[in-house]
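Engineer: One structure, as structure tokens, below. Some questions next.
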Amino acid sequence: VAADLLAVLAGPRAAARVPAREASRLSSCLRFLSPANPAAVSSAYPWKGSRKVLLEDCDAAEADAMVMWPPAPVLELARLAVDSGGDPGAIHRLLDPTMLPVPDVEGTKKSKCHLTRTPYGRHFADEEINSYFAFLFELIAARGPSVGLNVSLTRYDLFHGHLFLASGTGRLGILFHAKEYPAFDKESFPYNLGYCQTGMIQSDAYEILI
């Protein structure tokens, strides 16, 4: 399914390799927050380095350009991931060594909910990478209602993300996982996900592809 999804997103030629019925099904699930065709978006806008400035001061065209044309450090991160054969250590070496405590959000500690393997996290040493990933998620939250994504998203809803590169097209992708623990419901979601599900309001889990 993942390979078919990437093919559908890669353009008409790649999409033609996917069975028509499956391509139609996948396409019906997609909601685009910016133009799907990079050629339709100008790359003339320079990255400002601040997601706050970008979200508050830029127009829609500039935001679209930032989605399609990431800043150089993000592209270098993707290149490094490919050149290293997907070695996590290559990415870890780009992190700032400063340990940042994971915040206690909505009573997670009281509920014995551990969202990370360690009680701390780390930022990338290059602030442009941190700002760009945060900008993408905040843009999703801001534009979501315009395409029917009627869900409230905050920074605390972002659970984790996956950075990937489509080898056939060279397109960079980021898959965000948000609202990872929907509330238990006997009919719509009859699954027990453990401590982190306790006390959650009824909502859907979301996979957001950039």
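All of the numbers you see were taken from the coordinates with simple rules; none came from a lab. Please read all numbers here as calculations on a predicted model, not as lab measurements. Cβ sites come from the backbone with ideal geometry, for glycine too, and all protein chains shown count toward neighbours.
Engineer: If packing is taken as the average count of other Cβ atoms within 10 Å, what order do 26-33, 94-101 fall into, highest mean first?
Structural biologist: Values: 26-33: 12.8, 94-101: 10.8.
Highest-to-lowest ranking by the protection proxy: 26-33, 94-101.
Engineer: Sticking with this one: Round to the nearest 0.05 the FRET efficiency obtained for T118 and N150 when R0 = 30 Å and r is the Cβ-Cβ distance.
Structural biologist: Working: r = 35 Å, r/R0 = 1.16.
The pair T118/N150 has a calculated efficiency of 0.30.
Engineer: If you don't mind, another one. In sequence order, what are the phi-derived ³J(HN,Hα) couplings for the stretch 66-75 according to the Karplus relation 6.51 cos²θ - 1.76 cosθ + 1.60 with θ = phi - 60°, rounded to whole Hz, with x for glycine and proline?
Structural biologist: So the J values, rounded to whole Hz, are 5, 5, 7, 10, x, x, 3, x, 5, 5.
Engineer: Any idea how far apart A183 and D83 come out in nm if each label point goes 7 Å out from Cα toward Cβ?
Structural biologist: So the label points at A183 and D83 sit 5.0 nm apart.
Engineer: Trypsin sites (Lys or Arg not before Pro) within the stretch 94-145: which are DSSP loop residues with at most 16 other Cβ atoms inside 10 Å?
Structural biologist: Those that pass, being in a loop and sparsely packed, are K109, K110, K112, R117, R122.
Engineer: Please compute the modelled spin-label separation between A72 and L30, points set 7 Å along Cα→Cβ, answer in nm with one decimal.
Structural biologist: Simple spin-label model gives 3.1 nm for this pair.
Engineer: Can you list residues whose amide H is under 5 Å from V102's amide H, if they're 5+ apart or on another chain and H is modeled 1.01 Å from N?
Structural biologist: Counting only residues 5 or more places away or on other chains, the set is Y120, G121.
Engineer: With r defined as the distance between the Cβ atoms of R17 and K110 and R0 fixed at 45 Å, what FRET efficiency is calculated, to the nearest 0.05?
Structural biologist: Working from the Cβ atoms, E equals 0.35.
Engineer: In which sequence would D59, D87, D126 go, from the one with the fewest C-beta neighbours within 10 Å to the one with the most?
Structural biologist: Values: D59 8, D87 12, D126 18.
Listing D59, D87, D126 from fewest to most nearby Cβ atoms yields D59, D87, D126.
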